[in-house]
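**Q** A single structure is presented below for examination.
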Amino acid sequence: MSAVPDEPPLISLRKVGKAYPVHASAASQLASLWAKLRGVPHAASSFQALQDISFDVRRGESTALVGVNGAGKSTLLKVIAGVVKPSSGEMVTRGRVGALLELGAGFHPEYTGRENIGLSCALMGLSPAETRQHVGRIVEFADIGAHIEQPVKHYSSGMVVRLGFAVATALTPDVLITDEVLSVGDESFQRKCIAWMERYLEGGGTLLLCSHSMYHVQKLCSRALWIDGGRVRMADDAAEVTRQYLTWHDERSAAARKLQPVAQAAGGSLYQVRSMRLNDRADDEPLVLPEKGTLTVSGTVYSPDDRVPQVAVGMVRLDGTPVAGCYSEMDGFALRKLEPHLYAYTLVLPELPLLPGPYVARSHAMDPEGMRMFDHVELRFDIAGRSRETGFVKLDHRWS
Amino acid sequence: MNPSSWWLFLRFAQREVTNRFAGSLLGGLWALLHPLALLLIYNFVFTSVLKIRPPPETAVPFLVFLALALWPWLAFSESVMRGTMSVVGNAALVKKIPFAHELVVYAAVAASFVLQLTGFAVVLAFLAFTGHALHWSGLPLVLYGLLALACLGTGMALLLGALQVFVRDVEQGLVPLMGILFYLCPILYTVSMVPPWMREWMWLNPVAVLIEAVREALLQGRLLPSAAEWQAGGLCLALLLAGRLVFRRLSPHFEEAL
């Protein structure tokens, strides 16, 4: 699956941009039509769907596009597939590029599955003789039984998808461009898709896919591009891009729940966390730990009546999902008195079994009885790594 | 055209033909029934109601006179109409699959000509069988005229089909335009019947010149095109090239507007 360095890239984009005209009036619509006829750019108001995109895809270097809906991923795939002409920049593709922008695109509902295979194969550039050669395999792969002789209008959406995938993959292109293909169809079909793609990759194929499933991205691709607002925000290996993207994504969804600054208010009548540090760092940058790293949470708790307070240290994911919680009261730990009303604690969490991603550590002040929980202070930390396991806990495991 | 484009064109054309009759009981027979109905109603109106006679030199009944021009006209007008709508009609393909868009236009034009000319052949065979004196020696000129009409139909379909993607008014304007063009062509009459001042301008309308040529060839057996007919053919070819130029300029932008 490693890239072939001496060969020119299969796909090469340089400063590619795509602007869609936005027409306010009939006059501007006609003016832009006239500009297109003369082959000159038309300076009408436009929506810039893609901007300044440069990257290469080399043989064996499968690449994923990640990004939120509307970021421009699908437009970019359309540009590379040759359906959309870029309005600026240069694009070169080499070898046979197979595009699977929509499974079953081009199927006519009135025709049978077999008849639709005929047109689809012709659209991919096959002669009737070549089509005859492939049709058996296509029918076999689609595996929809006698339905192949029925009009496509009687198909379930799952059957359309099966047939579409079977047709598109019959040719084994040098690059296969797919847009969210893996998110459609039933479980067994998805398995089949994945199995086919893995075989295809082993056979030296190259994928350019667009997916919201970071699992698929990491499983199938070695590189990833993060598209945001029509631009490349990040291009790196798949594990790194997906980690950063997920972090950013979680942060966005957590934006409403802004992290609280370290509480500093003096005095007061409530138990209160006064300070908190992770691994004794003073700066505001989030702490980055390796997988199985050691996390030390330390801090001070204010006690209004100078009795020894309790503290709870918890961990949540960036979106607020609880991960774990430790209580000084349960563990029988007594906080050290630093000065009147101020008590200190340090919690060491060795070999943190968390999977890569962003987390938040929280310290909650509790009363001496360990009954009531007061306000908390929280700090962000990240686990870096390339583990592709899912969830957030790295469970010790062995296969047999 | 490279071989794979050629196969794709054939697939599109085949589908264009089958699409038209898919689900209808009489199927391809409609390709003949529709013009026959037109032929009979025109014949009734012009011979029984308006009492119009074809010029004496033609020496055939009005029905035959009309039939020889009606089918070429229908082939042409249908090719322009269907060709104009073909890109928009195949929006799903244009938006999702890369291919040479002009193939759907060629296919629509080809299917229209194949269907109407098959009907024409059946009608000609029927006329010959029933003893009408058609001059088969005029066949080369007939073929020339039809070929030139096909070029013109393709050119107009490319031009209008591309414009239709961006300006949907094209279709609205096309229906009355073809209606007017029908009456401006010597289908229900001959060029010799029109006022002289209008005859001078007739050459500007290649459809008129070519339809008249097809009929004359079959009625009088003229073998080769006249100067005016060569000129009309040249105009058709020029329009084909112009249409293709416009289409190729606009086709990369189709996806934006569909």
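The values are calculated or read from the model by the stated rules, or taken from the named source; none is laboratory data. If you're wondering where the values come from, they're calculated on a predicted model, not measured in any experiment. Here Cβ is always computed from backbone atoms with ideal geometry, including for glycine, and neighbour counts include all displayed protein chains. Just so you know, the surface numbers come from the protein's heavy atoms only, side chains and all, with ligands and any DNA or RNA stripped out. Shrake-Rupley method; radii C 1.70, N 1.55, O 1.52, S 1.80 Å.
**Q** Under 8 Å for C-alpha pairs, at least 6 residues apart: give me the relative contact order for chain B, rounded to a whole percent.
**A** 26 percent.
**Q** Using Cα centres only, tell me the gap between segment A:198-249 and segment A:371-400 in whole Å.
**A** Segment A:198-249 and segment A:371-400 have Cα centres spaced 23 Å from each other.
**Q** Please compute, over every Cα-Cα pair in segment B:84-131, the percentage with a separation greater than 16 angstrom.
**A** Result for the distance tail: 53 percent.
**Q** Checking the cross-link filter: which lysines have an alpha carbon closer than 21 Å to that of A:Lys292, excluding same-chain neighbours under 8 positions apart?
**A** Correct list for A:Lys292: A:Lys394.
**Q** Send over a whole-number figure in Å² for the accessible area per residue of segment B:103-258, probe 1.4 Å.
**A** Each residue of segment B:103-258 exposes 44 Å² on average to a 1.4 Å probe.
**Q** Now a separate question. Given bins 10 angstrom wide, list per bin the percent of all Cα-Cα distances in segment A:272-383, short to long.
**A** 15, 48, 29, 7, 0
**Q** Computed FRET efficiency, Cβ-Cβ of A:Ser213 and A:Ser25, R0 35 Å: what is it to the nearest 0.05?
**A** 0.25
**Q** Here's a follow-up. Work out how much length A:Arg281 to A:Arg38 would gain on full extension: take 0.36 nm times their residue separation and subtract the Cα-Cα distance, in nm to one decimal. Numbers along the way, then the final one.
**A** Values: separation 243, 0.36 × 243 = 87.48 nm, distance 6.31 nm.
In short, 81.2 nm is gained.
**Q** Another question about this same structure. Step through the table entries A:Lys73/B:Lys96; A:Lys73/A:Lys192; A:Lys18/B:Lys95; A:Lys36/A:Lys85, compare each Cα-Cα distance with 22 Å, and write down the pairs that go over it.
**A** A:Lys73/A:Lys192
**Q** Right, something else. How large is the direction-averaged shadow of the alpha-carbon convex hull of segment A:14-107, in nm²?
**A** Mean orientational projected area (segment A:14-107, Cα hull): 8.1 nm².
**Q** Could you tell me the calculated FRET efficiency between B:Leu147 and A:Asp52, based on Cβ-Cβ distance and R0 = 35 angstrom, to the nearest 0.05?
**A** 0.10
**Q** Only Cα pairs under 8 Å and at least 6 apart count here; give the relative contact order of segment B:31-129 as a rounded whole percent.
**A** The value is 33 percent.
**Q** Mind checking how much accessible area A and B bury in total, 1.4 Å probe, in Å² rounded to 100? Kindly include the intermediate steps, with their values, before the conclusion.
**A** Working: alone 20480 and 13020 Å², together 30760 Å².
Summing both sides, the interface buries roughly 2700 Å².
**Q** Given labels modelled 7 Å from the Cα in the Cβ direction, how far is it in nm from A:Lys337 to A:Lys292?
**A** That separation, rounded to one decimal, is 4.3 nm.
**Q** Any idea how far apart A:Val68 and A:Arg372 come out in nm if each label point goes 7 Å out from Cα toward Cβ?
**A** 4.0
**Q** Let me ask something additional. When the distances between all Cα atoms of segment A:57-252 are binned every 5 Å from zero, what whole-number percent does each bin get?
**A** Reading upward from the zero bin: 1, 7, 16, 19, 19, 15, 11, 6, 3, 1, 0.
**Q** May I pose another question? Using +1 on the beta carbon of Lys and Arg, -1 on that of Asp and Glu, and nothing else charged, what's the dipole of the protein assembly as shown about the Cα centre, debye to 20? Can you show the working numbers first?
**A** Values: 58 positive and 57 negative charges, 300 e Å.
Dipole size: approximately 1440 debye.
**Q** Net charge within 12 Å of A:Glu339 by Cβ-Cβ distance, Lys/Arg positive one each and Asp/Glu negative one each, not counting A:Glu339 itself?
**A** +2
**Q** Carbon and sulfur: what percent of segment B:1-154's accessible surface (1.4 Å probe)?
**A** The computed percentage sits at 73.
**Q** Quick check: the distance between the Cα centres of segment B:139-202 and segment A:76-151, to the nearest angstrom?
**A** 37
**Q** Return a whole-number percent for the relative contact order of segment A:272-383, with Cα pairs under 8 Å and 6 or more residues apart as the contact set.
**A** 36
**Q** Restricting attention to the alpha-carbon atoms of segment B:166-258, what are Rg (one decimal) and Dmax (integer), both in Å?
**A** That works out to 16.9, 52 Å for Rg and Dmax.
**Q** Using only the alpha-carbon atoms of segment B:12-55, report the extent along each of the three principal axes, biggest first, to the nearest angstrom.
**A** Taking the Cα atoms of segment B:12-55, the three principal extents are 43, 21, 10 Å.
**Q** Label points 7 Å out from Cα along the Cβ direction at A:Ser88 and B:Arg199: separation in nm?
**A** My value for the distance between the label points is 6.2 nm.
**Q** With the full set of protein chains in place, find how many percent of the accessible area of segment A:115-155 is carbon and sulfur; take the probe as 1.4 Å. Kindly include the intermediate steps, with their values, before the conclusion.
**A** Working: 990 of 2000 Å².
The C+S portion of the solvent-accessible surface of segment A:115-155 is 49 percent.
**Q** What number, in nm² with one decimal, is the all-direction average of the projected area of the convex hull of the alpha-carbon atoms of chain B? Don't skip to the answer; put the middle values down first.
**A** Numbers: hull surface 60.3 nm².
Here the figure is 15.1 nm², rounded to one decimal.
**Q** How large is the Kirkwood hydrodynamic radius of the protein assembly as shown, in angstrom, based on all distinct alpha carbon pairs?
**A** Radius from the Kirkwood sum: 30.6 Å.
**Q** Here's another thing I want to ask about it. Mind listing which trypsin sites (Lys or Arg not before Pro) in segment B:148-250 are in a DSSP loop and have 13 or fewer other Cβ atoms within 10 Å?
**A** Sites meeting the loop and neighbour criteria: B:Arg168.
**Q** Among all stretches of chain A without exposed trypsin sites (Lys or Arg not before Pro) (DSSP loop, at most 13 other Cβ atoms within 10 Å), which one is longest?
**A** Counting only loop sites that pass the neighbour cut-off, the longest clear stretch is A:1-256.
**Q** Follow-up. Quote to one decimal, in nm, the extra length available between A:Asp236 and A:Ser45 on full extension: 0.36 nm per residue of separation minus the C-alpha distance between them.
**A** Working: separation 191, 0.36 × 191 = 68.76 nm, distance 3.36 nm.
Once the chain is fully extended between A:Asp236 and A:Ser45, it gains 65.4 nm.
**Q** Compute the accessible area per residue over segment A:272-383, keeping the other protein chains in place, probe 1.4 Å, unit Å².
**A** 45
**Q** By residue number, which cysteines of chain B lack any other Cys whose Cβ falls under 4.7 Å from their Cβ?
**A** Flagged as lacking a Cys partner: B:Cys185.
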